[in-house]
Amino acid sequence: MTTLNRREMVKFVGWLGAGAAASSLPLPAAESARKPNIVLILADDYGLDGVGCYGSDQFKTPNLDALAQTGLRFETCYSTPLCGPTRCQIMTGRYPFRTGGLTNQTANQPKSQDEVGLAKLLKQAGYATCCAGKWRQMGETPGDWGFDEWATDPTAGGWYWQKSYTANGKEVTSDKEMYCPDEMHKFAMDFVRRHRQGPFFLYYPTHLIHGPILRTPDSKPDTKDFYADNIAYLDKMVGQIVAELDKLGIRENTLILFTTDNGTTGRDLSIGGRAINGRKGSMLEGGSRVPLIANWPGVTPAGKTCADLIDCSDFYPTLAELAGAKLPEGVTIDGRSFVPQLRGQKGNPRQWIFVQLGRSWYVREKDYKLNEKGELYDMKDAPFVEKPVPADDRSPEVVAARKRLEGVLAQLNPAGGKTLPPGVPDKPARKAKAKGEPKAGAKRAKKAAV
């Protein structure tokens, strides 16, 4: 409990008596010390090359760009290459080999009774919690994992024009097709309105832009390729969230985090005429390097970028710290809090991140990465080029990098953790191999910005 001194009390009484003018006055110490509301938006199959503020050649995303311009944009954030393992990592703060959430087929292996889920942790700190959107691959229900309220669907893919969805364990049906991202949005905003006194945690794992790529409510009748429409609709919904928080007068006490579950899939996109190496499902840079934008007015430095390494296990301790929640005892949490960076401070940045999909993994530092086969790659021109380093390269820089990364893998020991059950495929059938820079291609160069 915060105690006000005499001077603060006088200010506070005057603030109370100011009536309608109160919103223009500074908050008293007790009010400004409130725990922040937290909105975590997780887009689907959406890499750096589709986001305007990350340099996309093809797309403009004005609402995401505005969040970055008035907030903090992280340059090197990493998910896993597929949605299921990423969601497991966010909800537990733990790497796949610890939980069993190794690939999409085993994302339901981490059980709520065995893991202290993120929502459960924040509930213990006094937060109202809500999940609105994609969930299925995590198994059980969001309610089992600590969410007070939740709305989702029965599929692991895109759930768009349908006649039903599930809300708080009950089926919601309609005679006409509903655009389910809109239904999830309505559910989420209703939760926010009812809990505007805070603190609340809204986990918003939207289906956009996972396939099938269908028309949106804003698509024109003569549109033949709806991909750009889906990106535009995702960006629009981000803007609607911000507008609602502004309307409710809680924007300044709300942290918005926007990230995605893996890289782009099935599209020829580019940044500055260069294609990112790899796509969703691959262990290349494009499989896991994702956008991360943080916006908290008056707290996150406006219009800045941060080059610190982040991986998706870091959300768990970061949100716990913001909420004043105590991390579970006797549990290895792999994430590292980036709260100081959110406040514009140096903090304690990671020296490496770890990415795993099935039986494959790598550890990556700023300039090099090392995989489970002992193959070292020069990452100085990532995300466009990953240059294989010859095994007989004995230059001091390379020798030192290999030693550091081998030490990290020895400490983590992913091979000694949980493994895939027999018969479960390691990763999608189409495998990409590390290579030099792909050509952007004439077709890609001719695509017009939207």
Wholly inside region 67-160, strands (runs of 3 or more DSSP E) that include 1 or more residues that are under 20 Å from residue 260 (Cβ atoms), touching a residue at least 40 places away in the same chain (Cβ under 8 Å) and among the charged types (D, E, K, R) are 72-78
Here is a list: 188, 151, 132, 128. Which entry is aliphatic (A, V, I, L, M) and either surrounded by fewer than 22 Cβ atoms within 10 Å (Cβ to Cβ) or farther than 28 Å from residue 248 by Cβ (or both)? 128
Return the total of residues in region 232-259 being farther than 22 Å from residue 90 by Cβ and part of a helix (DSSP H, G or I). 13
Return a yes/no flag: does region 322-334 have any residue that is basic (Lys, Arg), within 30 Å of residue 405 (Cα to Cα) and either surrounded by fewer than 23 Cβ atoms within 10 Å (Cβ to Cβ) or modelled with pLDDT under 95 (or both). no
Mind checking which pairs have a first residue in region 258-275 that is under 30 Å from residue 296 (Cα atoms) and a second that is crowded, with 22+ Cβ neighbours inside 10 Å and β-branched (Val, Ile, Thr), Cβ under 6 Å, 6 or more apart or different chains? 258/41; 258/293; 259/290; 260/290; 261/86
First in region 282-300 and closer than 17 Å to residue 314 by Cα and charged (D, E, K, R), second anywhere and modelled with pLDDT of 95 or more and in a loop (DSSP other than H, G, I, E, B), Cβ under 8 Å, 6 or more apart: 289/47; 289/263; 289/276; 289/382; 289/383
When you check residue 234 against the structure, is it buried (at least 21 other Cβ atoms within 10 Å of the Cβ), out of contact with any His (no Cβ under 7 Å at 6 or more places or on another chain) and either farther than 18 Å from residue 71 by Cβ or free of Cβ contacts under 8 Å to residues at least 60 places away in the same chain (or both), yes or no? no
Here are 354, 315: which of them is of a type in the set (Phe, Trp, Tyr) and either outside any strand (DSSP E or B) or over 16 Å from the mean Cα position of the chain (by Cα) (or both)? 315
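The values are calculated or read from the model by the stated rules, or taken from the named source; none is laboratory data. Keep in mind the model is a prediction, meaning the values are calculated, not measured. Here the Cβ is made from the backbone with ideal geometry for all residues, glycine too, and neighbour counts use every protein chain on show.
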